[in-house]
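Q: Pasting a structure below so you can have a look.
Every number here is computed from the coordinates shown, using simple stated rules; none is lab data. None of these values were measured; they are calculated from a predicted model. Virtual Cβ from ideal backbone geometry, glycine too; neighbours counted across all protein chains shown.
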Amino acid sequence: MDTIGGRWQAIKASIEAAALDAGRAPDSVSLLAVSKAHPASAMREVYMLGQRKFGENYLQEALTKQAELKDLAIEWHFIGPIQSNKTQAIAQHFDWVHSVDRVKIAERLNAARSAELPQLQVCIQVNISEENSKSGASAAEAIALAGHIRQLPRLSLRGLMAIPAPTADPAVQQAQFREVRNIYQTLLAQGHDLDTLSMGMSEDFPAAIREGATIVRVGSAIFGARIKSTTSTTE
């Protein structure tokens, strides 16, 4: 049945199958439902099926939805590019931020995170394909940034996030995700306590899972087509 609930169930089954195919436990990969440009009512529908993690790109849209869905125990993930003037609101209203890509943003999030809240869970965004149109740190920058974030008391570095260049070739997809995993392994070897690889979207998550993804970000395959307000995507 072509409904939000039916598509959500199908994606969950596909993620479990991809994990098993990769020799991993089905519950080692979690689904982040990317709800940008979709109404709060659609989020509520998926929530009632059991989805708890939702990803948003645009701050004002997310804040509006948070007000509408304040009765639900949603884990809110910010996954879009971060402007400096948005860091205070992001730090106060989200549980996770996947798109930290420079020291300035990390420091501003740390300063804005209230001591009454748990540490903000963060991932460093890596621009593995070195595309000018995408945010993200280079491999060397990511390694240096990880060392800096470790010194910030209100942030907890969990791992890496990446949005590789789109391709329909599974071998190329997997090679790009392998590069992200290699950076992750380097950070582990340096003593960073990491557990998260946020990579893989609607079209390529099986390849990401084969390379160790722990969070896959899926939106259109669940919620359907959306009207895009920008040319960049993180889902």
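Q: How do 180, 29 rank when sorted from fewest to most other Cβ atoms within 10 Å of their own Cβ?
A: Fewest to most other Cβ atoms nearby, the residues stand as 29, 180.
Q: In terms of modelled amide H atoms, which long-range or inter-chain residues lie less than 5 Å from the amide H of residue 137?
A: So residue 137 has HN proximity to 125, 126, 127.
Q: Also: How large is the charge dipole for the stretch 4-223, taken about the Cα centre, if only the Cβ atoms of Lys, Arg (+1) and Asp, Glu (-1) carry charge, to the nearest 20 debye?
A: 380
Q: I need the phi-derived Karplus couplings for the stretch 163-173: 6.51 cos²θ - 1.76 cosθ + 1.60, θ = phi - 60°, integer Hz, Gly and Pro marked x.
A: 10, x, 4, x, 7, 8, 7, x, 5, 5, 3
Q: Using Cα-Cα distances under 8 Å and only pairs 6 or more residues apart, what relative contact order does the chain have, in percent?
A: Relative contact order, the chain: 21 percent.
Q: Which of the listed residues, 30, 144, 219, is farthest toward the dipole's positive end in the chain, when Lys, Arg count +1 and Asp, Glu count -1 at the beta-carbon?
A: Positive-end residue among those listed: 144.
Q: Among the aspartates and glutamates, which fall within straight-line cross-link reach of residue 53, defined as a Cα-Cα distance under 19 Å, with same-chain neighbours fewer than 8 residues apart omitted?
A: 16, 27, 45, 61, 68, 71, 75, 95, 195, 235
Q: What number does the chain give for Rg over Rh if you use C-alpha atoms and the Kirkwood radius?
A: 0.94
Q: Towards the positive end of the charge dipole of the chain, with charges on Cβ (+1 Lys, Arg; -1 Asp, Glu), say which of 105, 208, 196 has the farthest Cα.
A: Of 105, 208, 196, it is 105.
Q: Still on this structure, please answer the following. How much length, in nm to one decimal, is gained on full extension between residue 88 and residue 225, taken as 0.36 nm per residue of separation minus their Cα-Cα distance?
A: Length gained, residue 88 through residue 225: 46.2 nm.
Q: Still on this structure, I have one more. When 98, 192 are ordered from fewest to most other Cβ atoms inside 10 Å of their Cβ, what list results?
A: Neighbour counts put them in this order, fewest first: 192, 98.
Q: Here is a further query. In terms of modelled amide H atoms, which long-range or inter-chain residues lie less than 5 Å from the amide H of residue 34?
A: 55, 218, 219
Q: Within the stretch 7-25, what residues put their amide N at less than 11 Å from the label point 7 Å along the Cα-to-Cβ vector of residue 45?
A: 7-8
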